[in-house]
1. Is it the case that L83 is touching a Ser or Thr at 6+ places or on another chain (Cβ under 9 Å), at pLDDT 90 or above and either open to solvent by 50 Å² or more (accessible area, probe 1.4 Å) or over 18 Å from L27 (Cα atoms) (or both)?
2. Are any residues in segment 86-115 closer than 22 Å to F30 by Cα, among the β-branched types (V, I, T) and either assigned to a loop (DSSP other than H, G, I, E, B) or at pLDDT 90 or above (or both), and if so, which ones?
3. If I filter segment 80-97 down to residues being among the hydrophobic types (A, V, I, L, M, F, W, C) and touching a helix residue (DSSP H, G or I) at 6+ places or on another chain (Cβ under 6 Å), which single residue comes out as nearest to N134 (Cα to Cα)?
4. Among the listed residues I55, I66, I77, I33, which satisfies the condition of being more than 30 Å from N145 (Cβ to Cβ) and either modelled with pLDDT of 90 or more or among the aromatic types (F, W, Y) (or both)?
5. Step by step: first the residues of segment 1-33, then only those that are open to solvent by less than 80 Å² (accessible area, probe 1.4 Å) and of a type in the set (V, I, T), then the one that is nearest to K99 (Cα to Cα). Which residue is that?
6. Restricting to segment 91-145, count the residues that are surrounded by 17 or more Cβ atoms within 10 Å (Cβ to Cβ), among the β-branched types (V, I, T) and under 26 Å from I18 (Cα atoms).
7. Within segment 36-69, work out how many residues are assigned to a helix (DSSP H, G or I) and open to solvent by 70 Å² or more (accessible area, probe 1.4 Å).
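The values are calculated or read from the model by the stated rules, or taken from the named source; none is laboratory data. None of these values were measured; they are calculated from a predicted model. No Cβ is skipped: glycine too gets one built from the backbone with ideal geometry, and neighbour counts run over all protein chains shown. Ligands, DNA and RNA are stripped out before the accessible areas are found, and what is left, the full protein with its side chains, is counted by its heavy atoms. Shrake-Rupley method; radii C 1.70, N 1.55, O 1.52, S 1.80 Å.
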Amino acid sequence: MKSQFIDKFNNFAKKRLIEVAGISLILISFFLILTIFTYSPDDPNFLYKPENTEIKNIGGFYGSAITDFFLQAIGLIFVLFTLSLMSWGFKIFLDKKIKNIFQKFFYTLIYLIFGTISLNIIYNESFILRDHGNGGFVGRIVKENIYDIFPFIENNYF
């Protein structure tokens, strides 16, 4: 009798913790989306802190700094990453299971890297992301060093 109660309680607690993880991912991604849409390059961040500057970002200083870091690092692919986090959160919340987490991390890393490279090659000029462009510094660094990594690629398109 006690073991059935303990098993039911453990199953109940496990499902609630998974739901909390899903809701947390949804809330984090919703916050990140709000900070992306209210992003201003003139807002202060960890590197650029002007005195007496009004912060336009809805997330305040921390929202501005987090968004600026990710937009400068991986560029506009950060929007897709936040949407991926939101979809993972909904999937976890509705299914109450965490499945294939290593595959999801691997494929997310792949699409982040190739997305930053693609944005850096195809359309890198941006008026908002003025320091590193739409592909971020990750895309720029990989694009500049791709011939060292893969010497068999011909330089017809870059």
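1. So L83 passes the test.
2. Answer for segment 86-115, where residues must be closer than 22 Å to F30 by Cα, among the β-branched types (V, I, T) and either assigned to a loop (DSSP other than H, G, I, E, B) or at pLDDT 90 or above (or both): I92, I98, T108.
3. Among them, the one singled out is L85.
4. It is I33.
5. I18
6. Matching residues across segment 91-145 total 1.
7. 3
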